[in-house]
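The values are calculated or read from the model by the stated rules, or taken from the named source; none is laboratory data. Only a predicted model underlies this, so the values are computations on that prediction, with no experimental measurement involved. In this analysis, Cβ positions are derived from the backbone assuming ideal geometry, glycine residues included, and neighbour counts consider all displayed protein chains. What goes into the accessible areas is simple: the full protein's heavy atoms, side chains included, and nothing from ligands, DNA or RNA. Shrake-Rupley method; radii C 1.70, N 1.55, O 1.52, S 1.80 Å.
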Protein chains: 4
Amino acid sequence: MISVGIVGGTGYTGVELLRLLLRHPNVQVNVLTSRTEDGRRVDDMFPSLRGHTDLKYSDLNIEQLKQCDVVFFATPHGVAMKHAEELVAANTKVIDLAADFRLQNLVQFEKWYGMQHACPELLKDSVYGLSELNREKIKQANVIGNPGCYPTTVQLGLAPLFKHSDTLVKPESIIIDAKSGVSGAGRKASMGMIYTENADNFKAYGVAGHRHHPEIVEALENISGQTGVFDQILFVPHLVPMIRGMLSTIYVDLTDAGAAVDLQTWYEQFYANESFVDVMPENSSPETRSVRGANQLRIALYKPQPKKLVVLVAQDNLVKGAAGQAVQNMNLMFSFAETAGLEGIGLLP
Amino acid sequence: MISVGIVGGTGYTGVELLRLLLRHPNVQVNVLTSRTEDGRRVDDMFPSLRGHTDLKYSDLNIEQLKQCDVVFFATPHGVAMKHAEELVAANTKVIDLAADFRLQNLVQFEKWYGMQHACPELLKDSVYGLSELNREKIKQANVIGNPGCYPTTVQLGLAPLFKHSDTLVKPESIIIDAKSGVSGAGRKASMGMIYTENADNFKAYGVAGHRHHPEIVEALENISGQTGVFDQILFVPHLVPMIRGMLSTIYVDLTDAGAAVDLQTWYEQFYANESFVDVMPENSSPETRSVRGANQLRIALYKPQPKKLVVLVAQDNLVKGAAGQAVQNMNLMFSFAETAGLEGIGLLP
Amino acid sequence: MISVGIVGGTGYTGVELLRLLLRHPNVQVNVLTSRTEDGRRVDDMFPSLRGHTDLKYSDLNIEQLKQCDVVFFATPHGVAMKHAEELVAANTKVIDLAADFRLQNLVQFEKWYGMQHACPELLKDSVYGLSELNREKIKQANVIGNPGCYPTTVQLGLAPLFKHSDTLVKPESIIIDAKSGVSGAGRKASMGMIYTENADNFKAYGVAGHRHHPEIVEALENISGQTGVFDQILFVPHLVPMIRGMLSTIYVDLTDAGAAVDLQTWYEQFYANESFVDVMPENSSPETRSVRGANQLRIALYKPQPKKLVVLVAQDNLVKGAAGQAVQNMNLMFSFAETAGLEGIGLLP
Amino acid sequence: MISVGIVGGTGYTGVELLRLLLRHPNVQVNVLTSRTEDGRRVDDMFPSLRGHTDLKYSDLNIEQLKQCDVVFFATPHGVAMKHAEELVAANTKVIDLAADFRLQNLVQFEKWYGMQHACPELLKDSVYGLSELNREKIKQANVIGNPGCYPTTVQLGLAPLFKHSDTLVKPESIIIDAKSGVSGAGRKASMGMIYTENADNFKAYGVAGHRHHPEIVEALENISGQTGVFDQILFVPHLVPMIRGMLSTIYVDLTDAGAAVDLQTWYEQFYANESFVDVMPENSSPETRSVRGANQLRIALYKPQPKKLVVLVAQDNLVKGAAGQAVQNMNLMFSFAETAGLEGIGLLP
């Protein structure tokens, strides 16, 4: 049993971490912080937890957090980087679900998040927590930057094309038409998020630029070893009137070499040993509800033209796209079974 | 490990049983039948199960079912009663999620379900599977009639008023204004159930009469020991544009004795030892999403007038209102921990 | 052509007034105010209006408003009563869609709205704008208190029982189990209203007390001429995951006299000449979508027991429950056809 | 006043035609047919129409239809072509909302619709009813093939790029990532359409091929005058959990010439005189709800890279994508004001 702290327990990634960690066989959640709810029982705020925990929110107390083996930051961008060094110095591992440790490129970080990085040295030592692609580094890491939800779908959807080869696709052709449920925007009282502004409605957003674009670019550069070719990929996110769920429809031009490969088999082999990545049979269409509440990502492939590939990637943005992947990373860091606490089946219907 | 069979695995209660039983520590699902999908993998039909099972549908084969320790019938009304005797004779327990073993009153059964009962003798020996109220009988039962979803909310919402006393309320005053998500109607291709007929819409249905009315009457008679007083209670169900979830708003006139009792404490004590019934604090409003996917029922009480009680009862109609309660009954019948396989936390948001 | 002003044009009743008034044959909207959006085009805020108007928001300027023949207040409670006297003195009629002119009982007003009334004398001269019940007074009125959405359903649902007789029902038995879409709460950035807190969810709210209770009591007293008997009626509102729509399920105990009357015919005759109240045939269930966007209210009656009546009442809370009824009142005040601008058909599906 | 008939009045395009035509100043709907509902009042089936019409369904009677000036076919594919010749011979104009007169390429028609065409000669004389692009021909037409919903968004979204020039874009690069509400699939009792299979869910469908692909190809060939270059465009439709609404996100590679043009101005000028096509200001995102119920299509343009164009196109699939465009075509054919009966404002929220 390790001791776990969660900083920022009033948002959706916070309560999702609790849903997973309170049933995890190897952990005990001992600290749960909130700036606004100090002293309140968490199950008063989230009655779904009634009967499962007596935890109360407390103000962030760094000494308390240092007693933990690992601290999750389910906070706005910029919080984790203020405390990470002190925690690591106390031998407490840090998993940040915000963006503080996602981008190595500090120019991009400052541009998109509007703040200077507080600990660039620690950032260099941190590991980008895309579990399947960086597994060995994650096992050794003290600080994890848990990936953004959209970038998770793109990386796992495209990694097989780059991992063993740099000649299958034309990288500059990549178009990511992505769709997310509303919980991707967090638990915030803003006009744009209210029910009556989103129900029975569909729209694109962030077309002129979105924070996940530089993260996708940097990640694909790391995966492929190629630089300078991903900057012009298009990424257009859309908002779906649903609570959870994310589907990325990715369009890629194949090279002659790529067109000659049996990509269905290629993908199946690439992910053959992965518990949480499912390459579906040909002619499948991954539905977001098939992964509702589950730490699972499903992929399907289509070649509507000999040299054009369509990759469909579905996940629950709060699980494999956030809290679930964070727990998966924790499992790796502490040598637990990678699937511990993550074996729940998606809620369908 | 016991061996389990499920008859009728293509509906929502069937796939929900699988979601719960595939993660249950004490059972192995060995048989899954379907008239229409013989030979098909269940995870082809319900991709949420991919990676969790290799089960295939098979035609109903009574000899196979006899090899099971228990068989769940997640079928239309009238199927379980055709096979129950033969299974019981083979020492296989039966849990019917349809109505075949809910009503002891055969006149009502024939009136509301349009069929004669196939095994009235076995019906007499069967037990009505409202786990909390009939626990000891369930432990000994060979055949369980798993309660209807609405009747579960009514019984657990009103039982404390009758169990220790027959003088707290005026039974003839009871009004049940009930609201259900669409999954309560099952997985059926009928015009009334299509998305565009239900989304962004609200209506009452079955106002002139609903099958759950006689079940509620019979159940309240059994709970209270009173007869002839419940026939005139009103039960008006409504359809909510949501997938899962049920809320019953129950109105009861209190007697002078009832008005004098601290009903909040009374209810809390009545359910003090129950894992799956949650009496919420005063001024609470149970939301259906707080039990989404969880075998949990939440109750809140209000007294807007000194002699008028409002009882709010929320559950997930597919879990505590169907498959979850069926598993709870199985746990009782086989002396497993009553909570085994039912400890999942509700999915919020 | 009359000249119209709208105070508070950024909320849902404001934009709904615009949807109706911009297509109204007898009016010109000349003023549209907002404290926060001064100078902004209204179709920039609400693109549904693009191509239909060049109106811009302006700060509230009382001199401008005095140039109007009528001013609608689509504002929070407490705004209209600050300006009404000055407008009336300038011969400008006032229609308040908030609560300032709904309650004659000032004790109740102060209790529920937390403010003292600014113009109690004008309040006495104002008319409660339930168009069908107060038509003649409305025609003569200078100030209209437009009814609350819930009270509209209750009054039109129960008026026939009281209007010609005080012996048909037991008034103290009335229970109103009401359900509203989320737009009933307005356009406000609060946590309780965000999409992910309301979608796929159902709950009661305001069970311990709701502002519309005293309005319902006062209105039923006026309709029936009886006092002191309505205070104990129960009113329990619920929140439905839909945008628009309201259904009230009303339970009433009939007297012997009431049980002997053919209430279906009674209601049909009562509303025979009304354009906007539809008494549906027996065994109907009014769906909220059947009135989506339409100034229409539909009623259906059931007698599940000889002496128990169930009245189902459906409307669009933003139209017959707010902006539509306000326009209907304006039509009466200015001797336009009562249906002018209100003939649109409900949007189904 | 012209006399109108509607064949197939029980589907969503049928009831939407009624919603528009019953309020149209120049028409009288005299015939409404249904194979299954002969003799039933249409407002019994669709209570939203109560108070607006006394129409009853009748069996299809060709002599009755010949008395009409125009007949709309809101039927499955293959019905209109059986009756069109006889109607045209009787001087009755025909507007088919299904696919019988959309494709001139009979090989494609037979491939995608699985039937031989019944009147290929008449097909040659028919006009494809994309009102804005074929206005003059429509005015002279006897038979109109009303466009598919997706093709309408694509044509109006791309027409400016081709109409005055063939050198602005690389046609083979076009990718259409389209999203539709569920009503696009019509009113059909199939398992895939039920509420619980679609709510809170998102998926692609028809990725391997969709009937609207050949229609898009043929239409773009006609618009551009180029052939052989559009066959390889990608079209991937998705299903959004909403009732109405369609958004197409279209990706196009620009040529050097195209990159040099101010496309925002180019589009605004192209559609300057159109009532139903709205080129939104830069940085807009057209929401489907902004056109809910309205015969309106909104376009926004983005150039995230100097040579890459993203075109966002939103419409209500049942209005500008079906019934509204059909009425617009009728207005053209009978020299009514093009906007007659189509001036309703979108329902927001």
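Given the residues A:GLN232, A:GLN264, which is the only one that is modelled with pLDDT under 95 and surrounded by fewer than 24 Cβ atoms within 10 Å (Cβ to Cβ)? Spell out how you get there, then give the answer.
On the way: A:GLN264 fails: modelled with pLDDT under 95.
Only one candidate passes the filter, namely A:GLN232.
Residues are listed down the side, and each one gets a yes or a no for (1) touching a residue at least 24 places away in the same chain (Cβ under 8 Å); (2) among the hydroxyl-bearing types (Ser, Thr, Tyr):
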site	(1), (2)
C:HIS77	yes, no
C:LEU97	yes, no
C:ASP100	yes, no
C:GLN108	yes, no
C:TRP112	yes, no
C:SER126	yes, yes
C:SER131	yes, yes
C:LYS137	no, no
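In segment D:163-201, which residues are open to solvent by 10 Å² or more (accessible area, probe 1.4 Å), closer than 30 Å to A:LYS307 by Cβ, part of a loop (DSSP other than H, G, I, E, B) and modelled with pLDDT of 95 or more?
D:LYS170
I want to confirm something. Restricting to segment C:248-261 and keeping residues that are open to solvent by less than 40 Å² (accessible area, probe 1.4 Å) and of a type outside the set (A, V, I, L, M, F, W, C), which single residue is nearest to B:TYR251 (Cα to Cα)?
C:TYR251
Considering only segment A:273-288, state which residues are within 12 Å of chain D (Cβ to nearest Cβ), more than 21 Å from A:ALA326 (Cα to Cα) and of a type outside the set (A, V, I, L, M, F, W, C).
A:GLU282, A:ASN283, A:SER284, A:SER285, A:PRO286, A:GLU287
Taking B:LEU133 and the conditions (1) open to solvent by less than 40 Å² (accessible area, probe 1.4 Å); (2) within 27 Å of B:LYS93 (Cβ to Cβ); (3) not in a loop (DSSP other than H, G, I, E, B), which numbered condition does it fall short on, given that it satisfies the others?
Result: B:LEU133 passes all but (3).
Among (1) in contact with an Asp or Glu (Cβ under 9 Å, 6 or more places away or on another chain); (2) within 29 Å of B:LYS137 (Cα to Cα), which single condition is B:ASN201 missing?
Of the numbered conditions (1) in contact with an Asp or Glu (Cβ under 9 Å, 6 or more places away or on another chain); (2) within 29 Å of B:LYS137 (Cα to Cα), the odd one out for B:ASN201 is (2).
With respect to D:LYS93, is the statement that it is among the basic types (Lys, Arg), more than 30 Å from C:ALA300 (Cα to Cα) and free of Cβ contacts under 8 Å to residues at least 24 places away in the same chain true?
No, not satisfied.
Tell me which of these D:VAL236 doesn't satisfy, since it passes every other one: (1) of a type in the set (Val, Ile, Thr); (2) within 8 Å of chain A (Cβ to nearest Cβ); (3) within 17 Å of the chain's Cα centre (by Cα).
Of (1) of a type in the set (Val, Ile, Thr); (2) within 8 Å of chain A (Cβ to nearest Cβ); (3) within 17 Å of the chain's Cα centre (by Cα), only one is false for D:VAL236: (3).
Search segment D:244-263 for residues that are of a type in the set (Phe, Trp, Tyr) and pair each with any residue that is in a loop (DSSP other than H, G, I, E, B) and modelled with pLDDT of 95 or more when their beta-carbon atoms are under 8 Å apart and the residues are at least 6 apart or on different chains.
D:TYR251/D:ILE174
Report yes if some residue within segment A:108-116 is under 17 Å from A:ALA141 (Cα atoms) and either at pLDDT 95 or above or outside any strand (DSSP E or B) (or both); otherwise report no.
The answer is no, given that none of the residues of segment A:108-116 is under 17 Å from A:ALA141 (Cα atoms) and either at pLDDT 95 or above or outside any strand (DSSP E or B) (or both).
Exactly one of (1) more than 7 Å from every other protein chain (Cβ to nearest Cβ); (2) touching a Lys or Arg at 6+ places or on another chain (Cβ under 9 Å) is unmet by A:LYS303. Its number?
It fails just one condition, (2).
Looking at C:LEU234 and the list (1) out of contact with any strand residue (DSSP E or B) (no Cβ under 7 Å at 6 or more places or on another chain); (2) under 25 Å from C:PHE101 (Cα atoms), which single condition is not satisfied?
(1)
For (1) touching a helix residue (DSSP H, G or I) at 6+ places or on another chain (Cβ under 9 Å); (2) open to solvent by 10 Å² or more (accessible area, probe 1.4 Å), each residue gets a yes or a no:
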| site | (1), (2) |
| --- | --- |
| A:VAL279 | yes, yes |
| A:ASN283 | no, yes |
| A:ARG292 | yes, yes |
| A:GLN296 | yes, yes |
| A:LYS303 | yes, yes |
| A:LYS307 | yes, yes |
| A:LEU312 | yes, no |
| A:ASP316 | yes, no |
| A:VAL319 | yes, no |
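Which one is farthest from C:GLY206 (Cα to Cα), of the residues in segment C:243-272 that are at the interface with chain B (Cβ under 9 Å from one of its Cβ atoms) and out of contact with any Ser or Thr (no Cβ under 7 Å at 6 or more places or on another chain)?
Among those that are at the interface with chain B (Cβ under 9 Å from one of its Cβ atoms) and out of contact with any Ser or Thr (no Cβ under 7 Å at 6 or more places or on another chain), it is C:TYR251.
Looking at C:GLY341, C:GLY346, can you tell me which residue is buried (at least 24 other Cβ atoms within 10 Å of the Cβ) and either of a type in the set (Val, Ile, Thr) or touching a helix residue (DSSP H, G or I) at 6+ places or on another chain (Cβ under 8 Å) (or both)?
On the way: C:GLY341 fails: buried (at least 24 other Cβ atoms within 10 Å of the Cβ).
Exactly one of C:GLY341, C:GLY346 is buried (at least 24 other Cβ atoms within 10 Å of the Cβ) and either of a type in the set (Val, Ile, Thr) or touching a helix residue (DSSP H, G or I) at 6+ places or on another chain (Cβ under 8 Å) (or both), namely C:GLY346.
For segment D:1-94, list the helices (runs of 4 or more DSSP H) that sit wholly inside it and hold at least 1 residues that are buried (at least 18 other Cβ atoms within 10 Å of the Cβ), within 14 Å of chain C (Cβ to nearest Cβ) and not basic (Lys, Arg); which are they?
Of the helices (runs of 4 or more DSSP H) lying wholly inside segment D:1-94, those with at least 1 residues that are buried (at least 18 other Cβ atoms within 10 Å of the Cβ), within 14 Å of chain C (Cβ to nearest Cβ) and not basic (Lys, Arg) span D:12-21, D:42-45.
Can you say whether D:SER165 is hydroxyl-bearing (Ser, Thr, Tyr) and in contact with a Cys (Cβ under 8 Å, 6 or more places away or on another chain), as far as the supplied structure shows?
no
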